[in-house]
Each structure stands twice: as C-alpha cells, then as structure tokens.
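S.K.: Encoded as structure tokens, here's the structure I'll be asking about.
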Amino acid sequence: MTLPKYVEDARILTQKERMEGVFEIIVSSEKIAAEAKPGQFVQLGLPEGETILRRPVGIAARDEEKKRLTFFYRVVGHGTGLLASHQAGDNLSILGPLGHGFSMEAKRPLLVGGGIGLSPLLSWAQAFPGRADVLMGGRTAVELFWQEDFRPFVREIHITTDDGSLGTKGFTVAILPELLQKNSYDCVMVCGPERMMRAAAEIAQKAQVPCQVSLEKRMACGLGACLSCSVDGQDGRRRKVCKDGPVFWAEEVFP
Ligand SMILES: Cc1cc2nc3c(=O)[nH]c(=O)nc-3n(C[C@H](O)[C@H](O)[C@H](O)COP(=O)(O)OP(=O)(O)OC[C@H]3O[C@@H](n4cnc5c(N)ncnc54)[C@H](O)[C@@H]3O)c2cc1C
Ligand code: FES
C-alpha cells in the first residue's frame with residue numbers, strides 16, 4: 001500500500017549544535033508531523049538553488065499538537081554544511097513521510113544505536129514511552145548527549161564508549177549478548193554504522209531475538225523511482241532502501 005506523501009514548507013523554529021558538528025533542528029510541519037511513523041524519514045530540500053538534490057534525514061521526534069518535527073544531523077559535506085548555516089525563521093522544503101519504519105508491534109524492544117543512528121530510534125521511544133531500553137554507544141562521553149533526549153521515554157539506558165570515558169569501555173555490541181541474556185526483549189532495533197548493525201544482527205540471531213536494521217544509502221528521488229538506493233536482498237531480489245526500507249528485518253538484507 002502506498003501511503004500519501006506531502007511536500008511542506010517547513011520553517012526552522014530552532015537550530016542548535018548539540019556537539020561539535022551535530023545539530024538538532026526543529027521545524028514546523030502539519031501533515032508530516034501528524035502522520036509519520038517511527039523510523040520514517042524525509043527528503044529535505046534547501047532553499048532554491050543551494051543544492052539540486054534533497055538530502056534524506058530521519059525523523060527523530062514529532063509533535064502533532066504543536067505541528068513540529070525534530071531532526072538531528074551530522075555535518076559531513078556540502079548539503080549538511082549549508083543546512084547548518086541556516087537559522088530560525090528560514091524556510092526549508094520537506095518531502096515525506098517516506099519509507100517503512102520500525103515495527104510498531106514490539107512490546108519490549110531494545111534500541112541499539114551508534115552516533116547519529118540514535119536519531120530514528122528516538123522516534124520509536126517517543127511513540128511508545130516506557131516500553132524500550134536503549135543501548136547507546138559513542139567514541140567518547142560527549143557523544144552521548146542523547147541520554148537526556150531518551151531518558152523521559154525509556155526504562156533503562158546502557159552506555160558504551162570506545163575510550164571508557166562513560167559506561168562500559170568498548171564497542172556498542174560488546175554488551176549486547178549479556179543484555180539479551182538477562183532480559184526478555186521481543187525485538188532488537190538497530191541503527192548506526194553498517195559494521196555495528198551486522199554485528200548486532202548476528203548476536204540477536206544467536207539469541208533468537210528478531211532484529212530490525214535501518215539502512216543508509218545515497219539517495220536521489222527518495223520515492224522508489226530512480227533505483228539509486230538499491231541493495232541485494234538475501235532472497236536474490238533487489239530492495240529499494242527508500243521505499244522498501246530504510247528499516248528491514250535483518251535476515252532480509254544481511255547473510
Ligand atoms: C534514510 C536515511 C536517513 C538518514 N538520516 C540521517 C539523519 O537523521 N541524520 C544525519 O546526519 N544523516 C542522515 N542520513 C545521511 C544523510 O542523508 C547524509 O549524511 C547527507 O545526505 C549528506 O549530504 P551532504 O550534502 O552534506 O554530503 P555530500 O557532500 O553529498 O557527501 C559528503 C560525504 O557523505 C557521504 N554521504 C552522502 N550521503 C550519504 C548517505 N546517504 N549515506 C552515507 N553516506 C553519505 C558521501 O559519500 C561523502 O563521503 C540519512 C540517510 C538516509 C539514506
Ligand atoms: S532514491 Fe530513488 S529509488 Fe530510492
């Protein structure tokens with residue numbers, strides 16, 4: 001079933017740098033804020049002439065009453081650099097809500113995220129407060145500013161840092177086997193670097209807990225028309241990340 005998509009003029013309400021190079025931006029939105037599901041994304045267009053292609057950005061939170069959407073983004077290149085130069089009052093164009101998000105059936109999931117990958121997981125926590133635990137990882141303590149965003153919505157927060165400056169020292173997935181053993185999670189939802197998602201999916205499979213992963217591919221249309229975001233599925237069929245995903249059951253896309 002194809003759900004409706006909208007193009008909205010979105011006014012920037014606030015834009016702040018949460019850590020070096022990572023921004024939180026809140027924009028006005030009526031229809032997308034009313035209809036977006038956790039894990040969906042928008043194609044964000046900068047003002048006329050600044051870039052030709054829109055850039056895909058995950059929805060981190062929505063407020064239907066106040067008609068607002070929140071996104072987090074990392075400055076990595078031309079488009080995100082230009083976005084960071086905009087301020088409250090400027091207008092963007094957003095196309096969405098796009099793609100298929102995370103399972104809405106889970107009652108007690110573990111959300112596993114690294115870096116900016118925590119953003120779409122926040123939208124699940126916000127949609128179903130009090131259900132999920134979150135396992136978040138970063139290189140160092142400052143990258144875990146996400147704690148304050150997740151705290152109102154989750155039961156427990158587990159943290160790892162590569163340098164040991166906060167939580168358990170090591171990679172995010174290092175404590176995943178233990179968490180899956182000690183708790184009866186009914187789903188693991190993962191977003192972050194592909195290596196981390198593959199490792200998490202393997203651990204979840206061993207523990208026999210269903211696992212979903214949110215893939216990232218370079219996109220053009222975002223609507224399933226141009227095939228630029230295709231990936232091989234495990235059954236030999238190609239999948240379009242923008243339309244069939246970005247969230248997939250791990251066994252659909254990982255060996
Ligand atoms: C479904 C989806 C959701 C996303 N959600 C977020 C989000 O919530 N926050 C966020 O910060 N980023 C997110 N991204 C990634 C984001 O779209 C890219 O970082 C952005 O498009 C880069 O644009 P740019 O013009 O700044 O970079 P460019 O100047 O085009 O490229 C700079 C560098 O970034 C790499 N890059 C560009 N696009 C992508 C991409 N799609 N995936 C991987 N690498 C890329 C390029 O290879 C290059 O090395 C998401 C991507 C997808 C597909
Ligand atoms: S971006 Fe065009 S098909 Fe996915």
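S.K.: Hey, can you grab everything whose amide H is under 5 Å from the amide H of Ala88? Only 5+ residues off in sequence or another chain; H modelled, so Pro and N-termini drop out.
M.R.: Answer set, sorted by chain and number: Gln15.
S.K.: Tell me the label-point distance for the pair Trp249, Ala174, using the 7 Å Cα-to-Cβ offset, in nm and rounded to one decimal.
M.R.: 3.3
S.K.: Right, something else. Normalising by the residue count of the range 109-214, find the relative contact order in percent from Cα pairs under 8 Å and 6+ residues apart.
M.R.: 28
S.K.: Among DSSP beta bridges lying fully in the chain, give the percent that are antiparallel, nearest 5.
M.R.: 65
S.K.: Residue by residue, what Karplus-based ³J(HN,Hα) values in Hz, rounded to whole numbers, does the range 163-168 have, using 6.51, -1.76 and 1.60 with θ = phi - 60° and x for Gly and Pro?
M.R.: 9, x, 6, 7, x, 7
S.K.: Would you mind getting me the FRET efficiency between Ser165 and Thr14? Use the beta-carbon distance for r and R0 = 22 Å, nearest 0.05.
M.R.: Plugging the Cβ-Cβ distance into 1/(1 + (r/R0)^6) gives 0.20.
S.K.: Remind me, relative contact order of the chain in percent, using alpha carbon pairs under 8 angstrom and six or more residues apart?
M.R.: After rounding, I find 17 percent.
S.K.: I'd like the distance separating the alpha-carbon centroids of the range 63-78 and the range 154-209, in whole Å.
M.R.: The distance from the Cα centre of the range 63-78 to that of the range 154-209 comes to 26 Å.
S.K.: Mind giving me the FRET efficiency for Val231 and Lys5? R0 is 25 Å, r the Cβ-Cβ distance, nearest 0.05 is fine.
M.R.: 0.70
S.K.: Right, something else. Ranked from highest to lowest mean number of other Cβ atoms within 10 Å per residue, what is the order of the peptides 234-247, 8-21, 109-122?
M.R.: 109-122, 234-247, 8-21
S.K.: Pulled fully out, how much extra length does the chain show between Glu64 and Glu50, if you take 0.36 nm times their separation in residues and subtract their Cα-Cα distance?
M.R.: Between Glu64 and Glu50, full extension yields 2.1 nm more.
S.K.: By how many nm would the segment from Arg218 to Leu82 lengthen if fully extended, with 0.36 nm per residue of separation less the alpha-carbon distance?
M.R.: Length difference between fully extended and current span is 47.2 nm.
S.K.: Okay, next question. HN-Hα J couplings of the range 205-218 from phi, Karplus 6.51/-1.76/1.60, θ = phi - 60°, integer Hz, Gly and Pro as x?
M.R.: 5, 4, 7, 6, 10, x, 9, 10, 10, 9, 7, 10, 9, 5
S.K.: Taking the Cβ-Cβ separation of Gln147 and Arg108 as r and a Förster radius of 30 Å, what is the calculated FRET efficiency to the nearest 0.05?
M.R.: Numbers: r = 20 Å, r/R0 = 0.68.
For Gln147 and Arg108, the calculated efficiency is 0.90.
S.K.: Give, in nm to one decimal, the length gained when the segment between Glu156 and Arg139 is fully stretched (0.36 nm per residue of separation minus the Cα-Cα distance).
M.R.: Contour length minus Cα-Cα distance gives 4.1 nm.
S.K.: Based only on Cα atoms, what Rg/Rh ratio does the chain have, Rh being taken as Kirkwood's radius?
M.R.: 0.95
S.K.: For the chain, what does the helix formula give at 222 nm: sum of -39500 (n - 2.57) over DSSP H segments with n ≥ 4, over the residue count, nearest 500 deg cm²/dmol? Could the numbers behind the result be given before it?
M.R.: Working: 7 runs with 50 residues, N = 255.
Calculated mean residue ellipticity at 222 nm is -5000 deg cm²/dmol.
S.K.: Also, quick follow-up: Can you give me the angle between helix 118-127 and the longest principal axis of the chain, using Cα atoms only, in degrees from 0 to 90, rounded to the nearest 10?
M.R.: That works out to roughly 90 degrees.
Values in this text are rule-based calculations from the coordinates and carry no lab data. Note that the structure is predicted; figures quoted are calculated from it, not measured. Note: ideal-geometry Cβ built from the backbone for every residue, glycine included; neighbour counts use all protein chains shown.
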